[in-house]
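The next block holds one structure in the form of structure tokens; read it before the comments.
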Amino acid sequence: MEVHAHLIILGLHQDARLRNLVVNVYSKCRCFGYARKLLDESPEPDLISWSALISGYSQNGLGQEAISAFREMHSLGVKCNEFAFPSVFKACTLTNDFRLGKQVHGTVVVTGFENDEFVLNSMVVLYAKCGEIADSTRIFDAIPRRTVVSWNALLNCYVQHGQGEEALKLYLEMQSQGIKPDAFVYSSLFNACASLSAYEQAKQVHVQVLKLGFIIDIFAGNSLVNSYAKCGSIDDAERAFREIPERSIVSWSAMIGGMAQHGHGRLALQMFNEMLKEGVAPNHITLVSVLCACNHAGLVTDAKRYFSSMEELFSVQPMEEHYACMIDILGRAGKLDEAMELVNTMPYEANAAVWGALLGAARIHKNVDLGSKAAEMLINLEPEKSGTHILLANIYASAGMWDGVAKIRKVMKDSNVKKEPGMSWMEIKDKVHTFIVGDRSHPRGKEIYAKLEELSEPLRKAGYVPMVETDLHDVEEREKAKLLYHHSEKLAVAFGLIATPPGAPIRVKKNLRICLDCHTAIKLVSKIASREIIVRDINRFHHFRDGLCSCGDYW
């Protein structure tokens, strides 16, 4: 501002080049009022001034303002160029305005900038954010000279849409073409490993990061913490966390959330207090992790205290996620009336997460009335999801209401709702092995089933009795017991016992919640085989060791 004042005193403020520079400075410093005033006072604002303003809005997350400025510029007949287009695409990404993005893409083609590297990179990001992976890949393939920015744009695209394997394949292709990765690439790779629970691959990427010295980068460091936590190694996650030189709120949130997911509720709360002592203020994500920590550890009183004081102590207003977590905590603890009271008084319309929490509570406490109501609301919100029908059928079955179970089956059949098959997988030596119930197609299938047969007698002696009441197939009890014994989790664990060295941890991932029968059996296997068995299901991690589980059976 002082320099600008000197320009006015010297009479140089009308110089177009200097004026554009001042607009750029004000835009980058978020002084948009001054930037806009200069633009409006200019007799003929040119593309450079408009680009500076649009870029300033986009870089500061003001997508809608950037789009408005672009539309105004376009209406005045000022044409975009290769420097302005990336900012416009970024604005479309910020606002999820895919329709405008496609229109701007058309303008890019008409004006002849479809081969510009920076424009194409920004288009890869736009189509990726909008879920158009095929278009994002096609544009990436059209980039004439791909830089590390181009590769990372597509890597991020795959990771954000759950295609971790494709991201890792792309990284190998990138290496084969001699492109040197940067810290952002490794951040994307760690996130890909996290989505796949690919522990061995995460360790390999970690070694490369150490060699290149990127571990001091906060983005790579945060992603590494998240990756190890989601791959089942909370000890590795904490070591990586301690090595980050300047821990941000993202670092702390990743570590607190990881500890919560692994059942270390009290340790997560200790880390939260450590964070507060270091002067780092929590955000809404951190507080969701804190409530999850209380939830997984059954700390109802602590959860109530944190929830009620969020706004007062941390200036964070409770959002839908916080309410859903608190309702889940109350429901699991059997405080169903309190949970329903919170549902009725919260300032949000109850969403699927809330009704799902209540349905889960109804299953735990065998409350048929609450289960029926929650399931009805969930079916209205998510009619295509089979999990709701299955949970309600389980509630009916546990209450001996077999007519209700039959009714649910009929509704599913009539509505063409398919039960999502349970799948478990594990990674050994960079290869992923997948299992489904009763599957005998694995190359070592005979050994896997022989191992299960070998375990049957020690399990029986340890007190294992198949929970046939949890199986909803319309078959005899003997057949139900057989189906339960060949669940995907048990097949994966049996494979782990024969395919990994004695004493090594066994890491399994499942696409659904681990079933109660498998949970009971794997606890006993961990003691019989003297192994730590780590199962990551759709909700949390279960660390089985010496016949116990980290969830304390509060699953």
Can you work out the base-10 log of I(q)/I(0) for the range 105-214 at q = 0.14, 0.24 1/Å, using the Debye formula on its C-alpha atoms alone?
-0.55, -1.33
With r defined as the distance between the Cβ atoms of Glu532 and Lys385 and R0 fixed at 35 Å, what FRET efficiency is calculated, to the nearest 0.05?
0.60
Across the range 100-204, how many lysine pairs, 8 or more positions apart or on different chains, have C-alpha atoms separated by under 21 Å? Please give the number.
5
Let me make sure I get this right: for the range 1-53, a, b and c are the square roots of the gyration tensor eigenvalues over alpha carbons, sorted descending. Under 1.5 in a/c it's rounded, otherwise prolate if a/b > b/c, else oblate. Which is it?
oblate
By the mean-Cβ-within-10 Å protection proxy, highest first, 227-235, 458-466, 534-542 rank as 227-235, 534-542, 458-466
For Thr434 and Glu173, what is the calculated FRET efficiency with R₀ set at 25 Å and r taken between the beta-carbons, to the nearest 0.05?
0.55
Loop-resident sites, the range 358-438, for GluC sites (Glu not before Pro), counting at most 16 other Cβ within 10 Å (DSSP):
Glu384
Over the Cα atoms of the range 476-529 the radius of gyration and the largest Cα-Cα distance (Dmax), both in Å, equal 11.9, 38
Per-residue accessible area for Glu200 at 1.4 Å probe radius, Å² rounded to 10?
70 Å²
Just how large is the dipole of the chain about the Cα centre, in debye to the nearest 20, putting +1 at every Lys and Arg Cβ and -1 at every Asp and Glu Cβ?
1200 debye
Considering the convex hull of the alpha carbon atoms of the range 230-382, report its projected area averaged over all viewing directions, in nm², one decimal.
9.5 nm²
If unit charges are put on Cβ atoms (+1 for Lys and Arg, -1 for Asp and Glu) and the dipole of the range 57-216 is taken about its Cα centre, the option from Val205, Gln163, Gln177 lying farthest towards the positive end turns out to be Val205
Once both axes come from the Cα atoms, what is the angle between helix 218-230 and the longest principal axis of the chain, in degrees from 0 to 90, rounded to 10?
20 degrees
Sequence order, the range 131-140: Karplus ³J(HN,Hα) from phi using 6.51 cos²θ - 1.76 cosθ + 1.60, θ = phi - 60°, Hz rounded, Gly and Pro as x, gives x, 8, 5, 4, 5, 4, 5, 4, 5, 4
Once you have the Cα-Cα distance between Gln270 and Gln204, take 0.36 nm times their residue separation minus that, and quote the gain in nm to one decimal.
20.7 nm
Taking 0.36 nm per residue of separation and subtracting the Cα-Cα distance, what length does fully extending Leu212 through Tyr34 add?
59.8 nm
Considering only Cα-Cα distances, which of the following residue pairs are longer than 18 Å: Lys418/Lys482; Lys28/Lys90; Lys373/Lys407; Lys446/Lys482; Lys446/Lys509; Lys366/Lys461?
Lys418/Lys482; Lys446/Lys509; Lys366/Lys461
Accessible-area order (highest first, 1.4 angstrom probe) of the listed residues His389, His433:
His433, His389
How big is the chain on each of its three principal axes, counting only the C-alpha atoms and giving the largest first in Å?
94, 56, 53
The Cα extents of the range 171-319 along the principal axes, largest first and rounded to whole Å, are 55, 26, 25
Choose one of Ala237, Met423, Cys325: the residue whose Cα lies farthest towards the positive end of the charge dipole of the chain (beta-carbon charges +1 Lys, Arg; -1 Asp, Glu; about the Cα centre).
Met423
In Å², and per residue, what accessible area does the chain have when probed at 1.4 Å with the other protein chains present?
49 Å²
Would you please give the FRET efficiency between His13 and Gln160, computed as 1/(1 + (r/R0)^6) with r the Cβ-Cβ distance and R0 = 45 Å, to the nearest 0.05?
0.50
Candidate cut points under trypsin sites (Lys or Arg not before Pro) in the range 311-418, DSSP loop plus at most 10 other Cβ atoms within 10 Å of their own Cβ, are Lys418
Within the accessible area of the chain (1.4 Å probe), percent carbon and sulfur
54 percent
Give me P(r) over the range 1-152, computed from all C-alpha to C-alpha distances, binned every 5 Å, as integer percentages.
2, 10, 19, 21, 17, 13, 9, 6, 3, 1, 0, 0
Between Ala406 and Arg444, how many nm apart are label points set 7 Å from Cα along the C-beta direction?
4.5 nm
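The values are calculated or read from the model by the stated rules, or taken from the named source; none is laboratory data. Small disclaimer: the values here were computed from a predicted structure and weren't measured. Counting neighbours? That spans all protein chains shown, and the Cβs are built from the backbone with ideal geometry, glycine included. Heads up: the accessible areas ignore ligands, DNA and RNA and are worked out on the full protein's heavy atoms, side chains in. Shrake-Rupley method; radii C 1.70, N 1.55, O 1.52, S 1.80 Å.
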